[in-house]
Amino acid sequence: MIPALDALQRLREGNARFASGDRCLETFPGHTERDKHLDGQNPFAVILGCSDSRVPVEMVFDQGLGDLFVIRVAGNIVAPSQIGSIEFAAEQYGVQLVVVMGHSQCGAVKATIEQLLRPTDRQSPNLRTIVDRIRPAVEDLLDDQPSLDRESLARHAVRANVRASVQNLRHGSEIIEGLVQNEELLVVGAEYSLESGVVEFLDEISK
């Protein structure tokens, strides 16, 4: 079991290697590495990230098999299945760090903005369930800063959506809320830059 701040530092160091092109782990592990994890797993962090194909979580943090418990869904939204998965990781594996990671140019966020600015009934009900979970964060942003241009709105909305997901996790489950209050689980937000490869953590956290 790795303490939350140590796990966070490990992610920071791994991302620094990735962003600089100095990765230390092989992309495709061999048989020996796979065999090491046949009897179980011991991830040191949970990452709730977006499904975007340009954001492969293990690569972004330069981690290998068995290191991260990854949950990916368009728009890094929080729904019951994501909450249950995090509860499972915390209870079964003692994971003490959860990172909600959005990214620049998020298509789900852009779809939500488009739906708010140009509403349409043609959107599928399944996509609408994703948009509806992102919508409150974008609506608040539009209310607070109505003069934002579309590009700035999208950039700010990514972070607003991450922060909303963090709050939904912290207060959406008695199990998670209890672990957070007892300082047995840390839930933080982050944004990955497609342009630089750098992950910026959005909470002020010090060791």
How far is the Cα center of region 52-125 from the Cα center of region 130-152, in Å? 19 Å
Using only the alpha-carbon atoms of region 149-194, report the extent along each of the three principal axes, biggest first, to the nearest angstrom. 41, 18, 11
Fewest-first ranking of Phe61, Phe44, using other Cβ atoms within 10 Å as the exposure measure: Phe44, Phe61
Across the chain, how large is the tail of the calculated P(r) beyond 33 Å, expressed as a percent of all Cα pairs? 16 percent
Where Lys and Arg each count +1 and Asp and Glu each count -1, what net charge lies around Val60 among other residues with Cβ under 15 Å from its Cβ? -3
In the chain, which helices (entire DSSP H runs) extend 20 Å or more along their own long axis, judged by Cα positions, while averaging at least 0.0 on the Kyte-Doolittle scale? none
Describe numerically, in nm with one decimal, the distance between label points set 7 Å from Cα along Cα→Cβ at Ser51 and at Cys24. 3.4 nm
Among bridges DSSP assigns within the chain, what percent are antiparallel (round to 5)? 15 percent
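Coordinate-derived values only; no laboratory data. Keep in mind the model is a prediction, meaning the values are calculated, not measured. In this analysis, Cβ positions are derived from the backbone assuming ideal geometry, glycine residues included, and neighbour counts consider all displayed protein chains.
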